[in-house]
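Have a look at the structure below before the remarks.
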Amino acid sequence: MSYAKRSPWLLHYDASSCNGCDIEVLACLTPVYDVERFGIINTGDPKQADILLITGAVNDQNKEVVKQLYEQMPEPKVVVAVGICACSGGIFRDCYNILGGVDTVIPVDVYVPGCAARPESIIDGVVKGLGVLEEKQRKMEAER
Amino acid sequence: MSDIEAIILALVYLILAPVAGCVLAGVDRKLSARMQGRRGPPIRQPYYDVRKFMEKEQITSNGVQDFYVACYLLFVIVTGCMFFAGMDLLLVLFTLTLGETFLILAAYCSGSPFSQVGAQRELYVAMAYEPILLLAAIAFYLQTGSFAIGDIASSDGMAVIPLIGVFVAFLYALTMKLRKSPFDLSMSHHAHQDLVRGMTTEFSGRTLAMLEVSHWYENIMLLALVALFFMDGTWVGFAVGLVVAVLAYLLEVYIDNGFARMKWQTALKSGWVVALVLGVGNVIVLLLM
Ligand code: SF4
């Protein structure tokens, strides 16, 4: 079993979320949900993160930011799109500045739908992401 | 203390300190979580973290920084070994400062504004606690007539009784040295602070693992320094020292959770006031006695 699975560090980025999903992401850290019991730390540093959690749809202005954050993260890494906006653009899909879901800019591994996504489903999505993380880790080791 | 004993003690430190430091870090996180009403990660979490860092892809913005962090690890280990071998206390403190300097250089050379500001703050905090550490060494010399840790540890009577002012000042410096809130200005083990990860912002992968292991080594050495105040050459002194060292760490965890981060001005001023009043005051009393 890879250790990445036991100590996944999150990087949370708010693309153009209405803040509804962000509140739910932060709720995961509170005593009620306490994601730290899985070793998850909500870090602000892409270079130390394993999982990129993006809320909200991507727009013209932050497209480069999202790309850069993704590129700064060391392998293995996993992207989790939280909320229907991040999955497909959601209610903002037809706005003039919106490109669509996160997957229009970077590859997404796990989609967590919902408006807003509930803390339970966010944790569920992250745990699913751990499986992907382990797979990528194995692939990396095989290539070495 | 004979040479053989000294070498054995240094080797024991070399092997057991990371284990003890890792457990201590795990207890720290568990306890912090409990204080916040959470369940918290398993005690082995710091070990998992370090193993994960070692598995990750290595991204380095400036190759020199890895070298500097490796030097930090090396000098922290050397410091600890010298301490446990009972060598000169002044030499131990200076070597520790040298290690610290390498860490600051590593943060400075990475180019990220976050780690640069973190390094700057670390310098201020170092200015705040260094006088206290030096005064502690001087006070030990005045009390026991020797700078050698071996002699200090086997001198008659617990040094803490005449050195109580210096001891309290040292506990104050310990908060800064362990980088606990309110003095975790330069970097913090808690996520999401004003400087992202401060000095460690540009460190990832193996570099971060090295840094974490150095912290384990360093914490054990610092707690041993706390215990040194109680050593009187007997088992009682050793046991009391051990218990007080653990209690001191628990106190630091409590302080860490109870305070918000302070400005560097506060750290510097309060550090010097504590050094002047408690440290220098204590030394003057020792000189007059
Ligand atoms: S999914 Fe709903 S709650 Fe989340 S960002 Fe979009 S509109 Fe807001």
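What follows is calculated from the coordinates using simple rules that are stated; it is not laboratory data. Nothing here was measured: the structure is a model prediction, and the numbers come from that model. Methodologically, a virtual Cβ is constructed for each residue, glycine included, from the backbone with ideal geometry; neighbour enumeration extends over all protein chains shown.
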> For the Cα atoms of chain B, what angle does the longest principal axis make with the long axis of helix B:264-274, in degrees from 0 to 90, nearest 10?
Replying inline: 10 degrees
> In whole percent, what relative contact order does chain B give with Cα contacts below 8 Å and a gap of six or more residues?
Replying inline: 26 percent
>> Relative contact order of chain A, please, whole-number percent, based on alpha carbon pairs below 8 angstrom and at least 6 residues apart.
In response: 28 percent
> Considering only the other residues whose Cβ falls under 14 Å of the Cβ of B:PRO182, what net charge follows from Lys and Arg at +1 and Asp and Glu at -1?
Replying inline: +3
> How far is the Cα center of the range A:104-124 from the Cα center of the range B:1-41, in Å?
Replying inline: 38 Å
>> Give me, ordered by chain and number, the residues 5 or more places off A:LEU99 or on other chains with an amide H under 5 Å from its own placed amide H.
In response: A:VAL58, A:ASN59, A:ASP60
>> Straight-line reach from A:LYS67: which lysines fall under 22 Å, measuring Cα to Cα and dropping same-chain residues less than 8 apart?
In response: A:LYS47, A:LYS77, A:LYS136, B:LYS56
>> Sort B:CYS109, A:CYS87, A:CYS21, A:CYS95 by Cβ crowding within 10 Å, fewest neighbours at the top.
In response: A:CYS95, B:CYS109, A:CYS87, A:CYS21
>> Between 0 and 90 degrees, rounded to the nearest ten: what's the tilt of helix B:164-177 against the longest Cα principal axis of chain B?
In response: 10 degrees
> Shielding of A:132-144 by partners, i.e. mean partner chain Cβ atoms within 10 Å per residue?
Replying inline: 1
>> I'd like the mean, over residues of B:18-27, of how many other protein chain beta carbons sit within 10 Å of each residue's own Cβ.
In response: 0
> Fewest to most neighbouring Cβ within 10 Å: what's the order for B:SER186, A:SER2?
Replying inline: A:SER2, B:SER186
>> Using the basic label-point model (7 angstrom from Cα toward the beta carbon), what is the A:SER121 to B:LYS263 distance in nanometres?
In response: 4.6 nm
> What aspartates and glutamates sit close enough to B:LYS52 to cross-link, taking a C-alpha to C-alpha distance under 14 Å and skipping anything fewer than 8 places away on the same chain?
Replying inline: A:ASP50, A:GLU75, A:GLU134, A:GLU141, B:GLU212
> Can you put B:CYS71, B:CYS81 in order, fewest other beta carbons within 10 Å first?
Replying inline: B:CYS71, B:CYS81
